[in-house]
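The values are calculated or read from the model by the stated rules, or taken from the named source; none is laboratory data. This one's a predicted model, so the numbers in the text were calculated from it and none came from an experiment. Cβ atoms come from the backbone with ideal geometry, glycine included; neighbour counts cover every protein chain shown.
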Amino acid sequence: MFTGIIEGVGSIRAIESVGGDAHLTVDVGTLEFDNVRLGESIAVNGCCLTVTAFDHNSFECDASNETLRLTTLGSLGANQLVNLERALLPTQRLGGHLVSGHVDGVGSVRSIGEDARAQIWTFDAPEELRKYIAKKGSICINGVSLTVNETDETGFTVALIPHTVAHTSFASTKAGDPVNLEIDQVARYVERLLEFRN
């Protein structure tokens, strides 16, 4: 589990096609990387990936075809910045919201506007995910826990404070860029329960 509070910004060193799926090497950048362990989970732009090898400055992980299909990982290029978060420990504060690292689909940045010192970001979301996105609900975008300000026919808006922009890959994200979306977990379970009830 994760919180959606980004711990560091790293970059893609390499993505290789191996045996039909992908093998990634990620530079840890500003992520605190002490006591990393083989097999631990790290969220890369919101995607929960397993550490298969590491050194002091980077780690390696694999991405299945399902992960590549539902996320932006397969389209990332060398040196592209990525948000990083290590898995939540039971002793840590839950600063954002509970995030699984299981991306539901890919959206895109529609526009970026100024609002005093903050920025208003508008995103388009796939049709199949829009019903789960609610005003003042939580959403995870590229691994960042955010609150939905408004929804419309094709997507939603969020407000980003200067700290969030400066300490995440949003600083290098622009209109038209694809983003990973993870909906609030509660919506998934409510829908599933209603399916059985009906």
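Consider GLY101 carefully, then state whether it is part of a loop (DSSP other than H, G, I, E, B) and touching a residue at least 24 places away in the same chain (Cβ under 8 Å).
Considered against the rule, which asks whether it is part of a loop (DSSP other than H, G, I, E, B) and touching a residue at least 24 places away in the same chain (Cβ under 8 Å), GLY101 comes out as yes.
Of the residues ASN57, ASN35, ASN65, ASN45, which is touching a strand residue (DSSP E or B) at 6+ places or on another chain (Cβ under 9 Å), polar (S, T, N, Q) and more than 24 Å from GLY105 (Cα to Cα)? Spell out the reasoning first.
Numbers: ASN35 fails: touching a strand residue (DSSP E or B) at 6+ places or on another chain (Cβ under 9 Å); ASN65 fails: more than 24 Å from GLY105 (Cα to Cα); ASN45 fails: more than 24 Å from GLY105 (Cα to Cα).
Step by step, each of ASN57, ASN35, ASN65, ASN45 is checked, and only ASN57 is touching a strand residue (DSSP E or B) at 6+ places or on another chain (Cβ under 9 Å), polar (S, T, N, Q) and more than 24 Å from GLY105 (Cα to Cα).
Would you confirm, using the coordinates I've provided, whether CYS48 is crowded, with 20+ Cβ neighbours inside 10 Å, over 15 Å from SER11 (Cβ atoms) and at pLDDT 95 or above? Outline the logic, then answer.
Numbers: crowded, with 20+ Cβ neighbours inside 10 Å: yes; over 15 Å from SER11 (Cβ atoms): yes; at pLDDT 95 or above: yes.
So CYS48 fits the description; yes.
From the list THR122, THR157, THR147, which residue is closer than 29 Å to THR50 by Cα, modelled with pLDDT of 95 or more and not small (Gly, Ala, Ser)? Steps first, please.
Details: THR122 fails: closer than 29 Å to THR50 by Cα; THR157 fails: closer than 29 Å to THR50 by Cα.
Only one candidate passes the filter, namely THR147.
Conditions: (1) surrounded by 14 or more Cβ atoms within 10 Å (Cβ to Cβ); (2) in the same structural domain as GLN185 (by TED's automatic domain parsing). GLU153 meets all but one. Number of the miss?
Unmet for GLU153, out of (1) surrounded by 14 or more Cβ atoms within 10 Å (Cβ to Cβ); (2) in the same structural domain as GLN185 (by TED's automatic domain parsing): (1).
Looking at GLY39 and the list (1) out of contact with any Ser or Thr (no Cβ under 8 Å at 6 or more places or on another chain); (2) over 26 Å from SER172 (Cα atoms), which single condition is not satisfied?
(1)
Does any residue in the stretch 65-87 that is in a strand (DSSP E or B) come within less than 6 Å, Cβ to Cβ, of a residue that is aliphatic (A, V, I, L, M) six or more places away or on a different chain, and which pairs are these?
Taking only residues 6 or more apart or on different chains, the pairs are LEU81/VAL9; VAL82/VAL44; ASN83/ILE6; LEU84/LEU31; GLU85/ILE6; GLU85/ALA43; ARG86/ILE42.
Just give me the residues in the stretch 179-195 being surrounded by fewer than 18 Cβ atoms within 10 Å (Cβ to Cβ) and within 15 Å of the chain's Cα centre (by Cα), in sequence order.
Selection gives GLN185 alone.
Among the listed residues PHE59, PHE33, identify the single one that is crowded, with 20+ Cβ neighbours inside 10 Å, in a loop (DSSP other than H, G, I, E, B) and more than 15 Å from the chain's Cα centre (by Cα). Talk me through it step by step, then tell me what you get.
Working: PHE59 fails: in a loop (DSSP other than H, G, I, E, B).
When all the criteria are applied, what remains is PHE33.
LYS174 fails exactly one of the following numbered conditions: (1) farther than 18 Å from CYS140 by Cβ; (2) of a type outside the set (A, V, I, L, M); (3) in a helix (DSSP H, G or I). What is the number of that condition?
(3)
Output the qualifying pairs, or none if there are none: Cβ atoms under 7 angstrom, residues six or more apart or on different chains, first residue in the stretch 133-156 and closer than 26 Å to GLY8 by Cβ, second residue acidic (Asp, Glu) and modelled with pLDDT of 95 or more.
So the pair list comes out as CYS140/GLU182; GLY143/GLU85.
Hey, THR151 hits all of (1) touching a strand residue (DSSP E or B) at 6+ places or on another chain (Cβ under 7 Å); (2) within 20 Å of VAL186 (Cα to Cα) but one; which does it fall short on?
Of everything listed in (1) touching a strand residue (DSSP E or B) at 6+ places or on another chain (Cβ under 7 Å); (2) within 20 Å of VAL186 (Cα to Cα), THR151 misses just condition (1).
Identify, please: which residue in the stretch 157-175 is free of Cβ contacts under 8 Å to residues at least 40 places away in the same chain and over 20 Å from PHE2 (Cβ atoms) and is, among those, surrounded by the fewest Cβ atoms within 10 Å (Cβ to Cβ)?
Result: ALA166.
Go through the stretch 1-30 and count every residue that is under 20 Å from the mean Cα position of the chain (by Cα), assigned to a loop (DSSP other than H, G, I, E, B) and of a type outside the set (D, E, K, R).
Here the count works out to 8.
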